[in-house]
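Heads up, the thing below is written out as C-alpha cells.
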Amino acid sequence: MRKTFCCLLLVLSALTGILSCSKDDSDTRLSVDRWGKTVVERYGQLKVSGTQLLNAAGRPVQLRGVSSFGLQYEGQYANEDVIRWLRDDWNMQIWRAAMYTAEGGYISRSAVKSRVTDSVEAAIKLGIYVIIDWHILSDGDPRIYQKQAVEFFSEMAERYGQYPNLIYEICNEPNGRDVTWAGSVKPYAEAVIAAIRARDPDNIIIVGTPTWSQDVDIAAASPITGYENIMYSLHFYAGTHGSALQRKAEIALSRGIALFVTECGTSQATGNDGVYEAETLQWFSFLQKHNISWINWSLTNKGESSGILAKGADRTGKGHWTDSELSQSGKFIRKIMRNETQIK
Ligand code: DCB
C-alpha cells in the first residue's frame, strides 16, 4: 500500500514537472529566473510572426519595462547601476533609451549618444532587452532629420546589430496635421529600415505611427512590406486615451500587424495629472489579452505624475531608491512589474 502510494506520488510529481516545463509560465514574467538565467538567455533572438512577438523557440512573449526620461535632461540614470537595480528590484525585462532629437537632444548636442551606447552596453551585460528610441516630438515629421537618422541607425546597427538584446525604435511619435502615414512616416521608415537591414538582418524594428503613435489602424491598412520583424508603436496615456484607442489597436491587429507599446503613462497625455490607476490596469489587461509588450514612461524625478521617482529624489544616478523616493505611479508600476499586482 505504502509502495503504491509512493509510486503514485512519483508519477504525479513527474507529470507536474512535465506540465510546468511545457507551460513556461513561471518564468515568462521574470527578468532573471530562479536558475539565474536572464530574459535574453531564455528568449534569445526575438522575431515577429503575424501579430505576435515570439522568442527564439517560437513561443509568444510579452516584455515589460521602463523608459528613461529625455536623455538630454536626465541622462545620469542611463547607467549600469540603475539598469541593474531596475532589473533586479523591478523585474525589468527591457529598458528604453529615449534620445530626443530636438529640445536640446541629439541634433544640437550629439554627445547625448553616449547615454544610448551606455544603455545598450549595460543591457548586453545584464541580459535584458534595450530599445534605442529616436525620440522625435516637437519635430513631428520624421523626414526633417531623416538623413541624421539613417546615419545614426547605421552606426548603431553596425556596432550592436549582432546582439539579440537590441530593438530599434525609429521615430517615437510622429505628429502634426500634415504628417501622414503615406506621405511622411512610411517613406521615412522604408529609408531607415533599409539602412538598418543592410547591417542587421534580424533584430526587431519598431515604426512610430501618426498622431503621437496612435494611428496604428492607418499603418495597418498599408504596412511596410519586404522586411521581416517589423512592429508598430502604439502609445497611450491612461488619463487621456481609452476604448477608442483600444478599438484602433484591435483594427490594426485584425489587419495583421504586430504592435508594441514602447511608451505608456499612468497620467494624462501631458505626462501630468492622475495617477489613473484603474484606467491603467484596464489597459494592461487589454495588452495582456493581446500579448502586447509595454514600457512605462518614465524614470524622472522632475515631479510629474507619470514619473516613477518622487520629486527631487536622489539625483546621483545609482538607483536603489527606497519606497519613499518613488512616486505614486512608481510604486504602482513597480508592484505590477514585480507580479505583486495581478493583471486579469
Ligand atoms: C509623449 C512623448 C514624451 C512626453 C510624453 C508625455 O508626448 F513621447 O516625450 O514626455 O508623451 O507628454 C513629456 C514629458 C514632459 C516634457 C515633455 C516635453 O513627460 O516632462 O516636458 O515630454 O519634452 C505626447 C503623447 C501624447 C500626446 C501628446 C504628446 N497626445 N505631446 O495624445 O496628445 O505633445 O508631448
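Suppose we filter the stretch 207-240 for residues that are farther than 14 Å from residue 255 by Cα, of a type in the set (Ser, Thr, Tyr) and within 16 Å of the ligand (Cβ to nearest atom); how many remain? First the steps, then the outcome.
Taking the stretch 207-240 as the starting set, the residues that turn out to be farther than 14 Å from residue 255 by Cα are 207-214, 226-230, 233-240.
Narrowing the set further to residues that are of a type in the set (Ser, Thr, Tyr) leaves 209, 211, 213, 227, 233, 237, 240.
Okay, now just the ones that are also within 16 Å of the ligand (Cβ to nearest atom), so 209, 211, 213, 233, 237, 240.
The number of residues fulfilling the criteria is 6.
Considering only residues of the stretch 152-177 that are within 16 Å of the ligand (Cβ to nearest atom) and in a loop (DSSP other than H, G, I, E, B), which is farthest from the chain's Cα centre (by Cα)?
Ranking the qualifying residues of the stretch 152-177, first place goes to 177.
So, in the stretch 48-71, exactly how many residues are closer than 19 Å to residue 295 by Cβ and outside any loop (DSSP other than H, G, I, E, B)?
Residues in the stretch 48-71 being closer than 19 Å to residue 295 by Cβ and outside any loop (DSSP other than H, G, I, E, B): 11 in total.
Go through the stretch 194-257 and tell me which helices (runs of 4 or more DSSP H), entirely inside it, have 1 or more residues that are without any contact (Cβ under 8 Å) to a residue 12 or more places away in the chain and hydrophobic (A, V, I, L, M, F, W, C). It would help to see each step written out before you state the result.
Values: elements: 210-213, 216-221, 243-254.
Passing ranges, in order: 243-254.
Take the residues in the stretch 262-277 that are farther than 18 Å from residue 223 by Cβ and among the hydroxyl-bearing types (Ser, Thr, Tyr), then tell me which one is surrounded by the most Cβ atoms within 10 Å (Cβ to Cβ). Break it down stepwise before answering.
Keep residues of the stretch 262-277 that are farther than 18 Å from residue 223 by Cβ, which gives 263-277.
So of that shortlist, the ones also among the hydroxyl-bearing types (Ser, Thr, Tyr) come out as 266-267, 270, 276.
Numbers: 266: 28, 267: 22, 270: 13, 276: 23.
Of everything passing the filter in the stretch 262-277, 266 is surrounded by the most Cβ atoms within 10 Å (Cβ to Cβ).
Here is a check on your reading of the model: is residue 270 within 12 Å of the ligand (Cβ to nearest atom), of a type in the set (S, T, N, Q) and either under 29 Å from residue 224 (Cβ atoms) or at pLDDT 95 or above (or both)?
The answer is yes for residue 270.
Can you tell me which residue within the stretch 241-261, out of those that are within 20 Å of the chain's Cα centre (by Cα) and either within 15 Å of the ligand (Cβ to nearest atom) or aromatic (Phe, Trp, Tyr) (or both), is surrounded by the most Cβ atoms within 10 Å (Cβ to Cβ)?
Of everything passing the filter in the stretch 241-261, 260 is surrounded by the most Cβ atoms within 10 Å (Cβ to Cβ).
Collect the residues in the stretch 301-319 that are at pLDDT 95 or above and either surrounded by fewer than 23 Cβ atoms within 10 Å (Cβ to Cβ) or away from the ligand (no atom under 13 Å from the Cβ) (or both), keeping them in residue-number order.
Answer for the stretch 301-319, where residues must be at pLDDT 95 or above and either surrounded by fewer than 23 Cβ atoms within 10 Å (Cβ to Cβ) or away from the ligand (no atom under 13 Å from the Cβ) (or both): 301, 302, 303, 304, 305, 310, 311.
May I ask you to list the residues in the stretch 123-143 that are assigned to a helix (DSSP H, G or I) and more than 16 Å from the ligand (Cβ to nearest atom)?
123, 124, 125, 126, 143
Return yes when residue 74 is within 14 Å of the ligand (Cβ to nearest atom), touching a residue at least 24 places away in the same chain (Cβ under 8 Å), surrounded by 21 or more Cβ atoms within 10 Å (Cβ to Cβ) and closer than 26 Å to residue 146 by Cα and no when it is not. If you could, list the steps in order and put the result at the bottom.
Numbers: within 14 Å of the ligand (Cβ to nearest atom): yes; touching a residue at least 24 places away in the same chain (Cβ under 8 Å): yes; surrounded by 21 or more Cβ atoms within 10 Å (Cβ to Cβ): yes; closer than 26 Å to residue 146 by Cα: yes.
Yes; evaluated as a whole, the condition is true for this residue.
Listed here are the residues, each with its yes/no results for (1) more than 20 Å from the chain's Cα centre (by Cα); (2) buried (at least 16 other Cβ atoms within 10 Å of the Cβ); (3) in a helix (DSSP H, G or I).
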position: 81; (1), (2), (3): no, no, yes
position: 84; (1), (2), (3): no, yes, yes
position: 88; (1), (2), (3): no, no, yes
position: 91; (1), (2), (3): no, yes, no
position: 95; (1), (2), (3): no, yes, no
position: 102; (1), (2), (3): yes, yes, no
position: 106; (1), (2), (3): yes, yes, no
position: 117; (1), (2), (3): no, yes, yes
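Only residues that are within 16 Å of the ligand (Cβ to nearest atom) and either touching an Asp or Glu at 6+ places or on another chain (Cβ under 9 Å) or within 20 Å of residue 249 (Cα to Cα) (or both): list them for the stretch 274-293, please.
Within the stretch 274-293, 279, 280, 283 qualify.
The values are calculated or read from the model by the stated rules, or taken from the named source; none is laboratory data. Being a predicted model, the structure only gives us computed values, none of them experimental. Ideal geometry is used to build each Cβ from the backbone, glycine not excepted, and the neighbour counts take in all protein chains shown.
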